[in-house]
Amino acid sequence: MAISTAEESIFHEATLKICGNLEIEVALQSTLKLLKKVMPLDQFFLEYYDQDFKAMRTIATATANHCQKLDLLTPLSQDAQASAGLEDLPTGEDVYIFDDPWRRAISREMLEFHKVKSTSLITMFLKSNEQFLGVLVLNSENEKFTNEHARIISYLREPFSIAMSNALKHRELQILKDLLTDDNRFLHKELHRLSGDEIVGAHFGLREVMQQVRQVAPLESPVLLTGETGVGKDVIANVIHYSSSRSKGPFISVNCGAIPESLIDSELFGHEKGAFTGAIARKRGRFERANKGTIFLDEIGELPLEAQVRLLRVLQTKEIERVGGSELIPLDIRIIAATNRNLEELVEKRDFREDLWFRLYVFPIWIPPLRERKVDIPALLQHFINQKSRELKLSHIPALSPDSVDMLMNYHWPGNVRELQNIVERALILNPKGPLSFDHVLGMSGRNIRRISSKKTDNLDEIISTHIKNVLNKTGGKIHGPGGAAELLDVNANTLRNRMKKLGINYKRRN
């Protein structure tokens, strides 16, 4: 069918907008505004199927009022993966209309993920020299697209393909640039990343957490972070500090469960020279070092009762006294505490002071375990692969083996985000050239993983108990030291012993 004069005018103007802007998201928005004159177009999505992650990667979106460049992974079910692989479409066409997008697995999952409504979709496949690049998706929220609309958009397949190819090449160059960044610059970038919304999962699995963080960060109120071991409480504490007015001040982290009871006062409050045997010089404690900034008291539930009394006094008076000294030192600090234990139960058992709990329990934030936000796993996996590849100074980022993402999505993750991070690092060490597989680093076959993930139990203590026993079997009952269960679980040995006691795990070391 011949192109009309009006359509030719739209084609030329749209081509200039698509190819005349280096920012792909801006090009999409300006083209959308033009096409809205001739079709009921509400949103553009530019995306491609990432075979390694078994997920759809969205690189740009646009509406008439907003446009955004992204690098966003959407995990897909097996049905949706088949659609993404073009297995359910007729051959020989590049443009399709879907008048009931909610019936098709991939479009339904993508619409739900992006939280948009839809009445009709047009998808146009983008190619370069017969190489499939990705897909441009047009969404109409309230009206149906027609064959005439599909014909108009088909005229723009070539300029959109060029824009997609350029965007993918830019992304590849950016990855290579990041790999060449030295360690200091990378660490500096990571600190800045912690201060904003670039935290992985901020818009999805951790959306409610980040909303609470934004509410409390500008204030001076104490914050209590709760959640299982390994969920990233330390990362959230960093975000609160670097999003606050104290961001230029110090951020001092204290693992309360890792300090021997005899050294707690000295570590927290400091000591004067000669205060005790071995005190050969004055030492500033963690609280004094945190002045004008934030102190993060991790594993606060592990503090002995005597230390809790002294901590309460500091919270009440905002003053400390060094061990062996008489001078009262005023403090200007903010308190963030964290625990993986139920402090209310500890209060009932009189293992934690009620008055201290009231002081800390001003603004509690619960961080969900990884198994309850598996939607973040592909993005976390990519983040840790990129991060650890840089730290290990690999020359390239290894690819993933087939089905590896499905295996991780089916795993129960008793060790949460920390376990995923450690698994990625071990996989990179064992096979730096790739493809990365996680069967051996998880210590079980994919079949066993599926069996564990499908086990019909919601009892968290039972799951944790089973995992601890499995690790103790591997270490022959060894808990402390190199190769011990505490090291494998990445927890403090005293914390592990306390957890074993609570769970009733009696385990003797085998000689």
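Remarks
- Reachable lysines, given that their alpha-carbon falls under 25 Å from the alpha-carbon of LYS33 and they are not under 8 places away in the same chain: LYS17, LYS69, LYS115, LYS117, LYS127, LYS144
- Taking a ≥ b ≥ c as the square roots of the eigenvalues of the Cα gyration tensor, the range 5-176 is rounded, since a/c falls below 1.5.
- The lysines whose alpha-carbon is closer than 27 Å to the alpha-carbon of LYS469, local same-chain residues fewer than 8 away aside, are LYS233, LYS349, LYS374, LYS455, LYS456, LYS478, LYS501, LYS502, LYS508.
- The length gained by stretching the chain between GLN51 and LEU394 to full extension, at 0.36 nm per residue less their Cα-Cα distance, is 121.3 nm.
- Two-site FRET efficiency, ASP99 against ASN129, from Cβ-Cβ distance with R₀ of 30 Å, rounded to 0.05: 0.40
- Neighbour counts of C-beta atoms inside 10 Å place LYS474, LYS248 in the sequence LYS248, LYS474, starting with the fewest.
- For GLY249, net neighbour charge (Lys/Arg +1, Asp/Glu -1) across residues whose Cβ lies under 11 Å away: +4
- Straight-distance crosslink candidates among lysines, where the alpha carbon sits under 22 Å from LYS283 and sequence neighbours closer than 8 are dropped: LYS273, LYS292, LYS318
- The range 5-176: relative contact order as a whole-number percent, Cα under 8 Å and 6+ apart: 21 percent
- By the count of other C-beta atoms within 10 Å, a proxy for reagent exposure, TYR155, TYR411 are ordered fewest to most as TYR155, TYR411.
- Proximal charge balance of SER404 [Cβ under 10 Å; K/R count +1, D/E count -1]: -3
- Cβ crowding within 10 Å, taken as a proxy for footprinting-reagent exposure, orders LEU420, LEU16 from fewest neighbours to most as LEU16, LEU420.
Read-outs throughout are calculated quantities, based only on the coordinates presented, and are distinct from any laboratory measurement. Everything quoted here is computed from the prediction, not taken from an experiment. Positions of Cβ are generated from backbone atoms using ideal geometry, with glycine treated the same way; all protein chains shown enter the neighbour counts.
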